[in-house]
Each structure stands twice: as C-alpha cells, then as structure tokens.
Amino acid sequence: MYDYAAGKQDWLAAGLPSEGTLAGLPRAGDVARKDVPTCRLDERMGEVKERVRSGGWEVCVVVNQENVVMGLLRSKELGSDDDAQVEHAMRPGPSTFRPHVPIHEMAEYMSRHDLPRSPVTTSNGRLVGILLRDDAERVTHELHQAMHEHHEGTSDA
Amino acid sequence: MPREIDRVEVQRLMEAGAQVVEVLPPAEFEEEHLPGAISLPLRRIESQARDRLDATKPVIVYCFDSA
C-alpha cells in the first residue's frame, strides 16, 4: 500500500485532471491575470512606477530571482518617493492563494474580506498571476447564469 | 505501514493499474477526486476494503493534504 501524503491538494495544484461535480470549473489560476507587472527588491520606486502606470496597472508584485512573491506595491506604496528602494516601500508578505481554488470560493472570500486583489502562487510561492476581485465576481456570475440557463433548458425538455 | 510517495510516482503507479482510494467523506469525493479513484472513507475502510479492492493490485490512498 502507498500513501500519497501530499494528497488531493497537491494533485489539483499541479493542474492535473480530476473528476467530480467541480472538475472543469474555472479556478483562481485560470482567471488570474498573468500580465501583472513585477519588480525586484533592489529596484528604485521611480522606475517601477513608470513601468506600472504605463501599463495601466495600479499594482505591482515584488518577486525574487526565483519568481517567489516577496511583497506587493499597491496604489499607496506606488506613491512612495522615487528614490526609495522597493524593498523598503513594499507591503511585505501579502496573503496568497493557490491556483486550484474554485473561482466561486475566491469571489466569496475576497468579497467577505474586502480584498480587491490577491497574488496567486504555486505551493512553493512562485507567482502565477494576480486575481482581481472584479474578475472573480464576473466569472462567478457568468457561471451561475450558465448553470441557471442549463437548468431552465433541462426543465423545459 | 504504507510507503509515502509523491505525485510523479502516483502517476506512474496509476498508469500501471494501481487502485486509487480517497479516504475523505463522500461529499468531498463527489465534488472532486483523482481520475478513477474509489471513495472509501476512513470510517468504512476496515469493513469495506476487502470487498471493494483487488488484493492483487497496488493501492494508493490519499486525503486532502499532509496536515
């Protein structure tokens, strides 16, 4: 007998196929925006701000050389002095979520905790993307609508 | 004593015909489980394992995580 100790969480986090009523539904990793700007701890805020704002973003994820999330620069931190180093300006250790969490659970959690955005990372902390609450809520709404329409269609048949 | 294995070995054993057993409650199994897994919740494992599992094939058990 063998013990897969890391379990279902490890399997789903790796994006491997699954079966069941939730299988195939969108997850945090599917909806997270992969084009979020990133910066390094030793960069100056001036250069980072320019890069972030020119892309139309109001957030930047601070990562190390292995792409592990170290912190976040939100609007407030992006207002820091241009000469400040990212390491000193960032908000360290943001809450992160794993890519396999179903999107409806993310939408509910983000709404309940008033989280406008959250980095999505692998179990070893590497950045996958950033999940915006608006995106999570929109996709959840679309899912509910599709399920409702499917149910109506089935009832009519 | 079961031998602890990782995801890669799970995939290899699955391809070789191993039986995969989820020991979580049935509601969690219904929501999502590994492909081809059998639901055998912990409280039923002793009474049902003999009837539901093939003793000639390897068995992999799993729950949600290692916690």
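List of remarks:
- Shielding value for A:72-80 is 0, the average number of Cβ atoms from other chains within 10 Å of each residue's Cβ.
- Amide H to amide H, with H built 1.01 Å from N, A:GLY71 comes under 5 Å of A:VAL62, A:GLY93, counting only residues 5 or more places away or on other chains.
- Label point at A:ARG40 placed 7 Å out along Cα→Cβ; residues across the range A:57-93 whose backbone nitrogen lies under 12 Å: A:63-67
- Those residues of the range A:47-73 whose amide nitrogen sits under 13 Å from the label point placed on A:ASP82, 7 Å along Cα→Cβ: A:47-51
- Expressed as a whole percent, the proportion of Cα-Cα pairs in chain B lying more than 19 Å apart is 30%.
- Computed log₁₀ I(q)/I(0) - Debye formula, equal Cα scatterers, no solvent, the protein assembly as shown, q 0.10, 0.11, 0.17, 0.18 Å⁻¹: -0.60, -0.69, -1.13, -1.19
- Each residue of the range B:33-41 was assigned a 3J(HN,Hα) from its phi angle through the Karplus curve 6.51 cos²θ - 1.76 cosθ + 1.60 (θ = phi - 60°); the sequence is 8, 5, x, x, 5, 10, 8, 9, x Hz, with glycine and proline shown as x.
- As a length-normalised measure over Cα pairs under 8 Å and 6 or more apart, the relative contact order of the range A:24-156 settles at 28 percent.
- Database remark: amide H of B:GLN19 closer than 5 angstrom to the amide H of B:VAL59, B:ILE60 (H placed geometrically; neighbours at sequence offset of 5 or more, or on other chains; Pro and chain starts carry no H).
- For the range B:50-59, putting each phi into the Karplus relation 6.51 cos²θ - 1.76 cosθ + 1.60 with θ = phi - 60° gives couplings of 4, 7, 9, 10, 8, 5, 8, 10, x, 10 Hz, in residue order, rounded to whole numbers and with x for Gly and Pro.
- The alpha-carbon atoms of the range A:24-156 define a convex hull whose volume equals 102 cubic angstrom per residue.
- Backbone HN-Hα couplings from phi across the range A:70-77 [Karplus 6.51/-1.76/1.60, Hz, Gly and Pro as x]: 10, x, 9, 10, 9, 3, 4, 5
- Cβ-Cβ distance of A:ALA14 and B:LYS57, R₀ of 25 Å, FRET efficiency by 1/(1 + (r/R0)^6): the value works out to about 0.55.
- For A:GLU58 and A:ARG33, the difference between the fully extended length at 0.36 nm per residue and the C-alpha to C-alpha distance is 7.7 nm.
FYI, it's all coordinate maths here, none of it is from the lab. Nothing here was measured: the structure is a model prediction, and the numbers come from that model. Every residue, glycine as well, gets a Cβ built from its backbone with ideal geometry; the counts of neighbours run over all protein chains shown.
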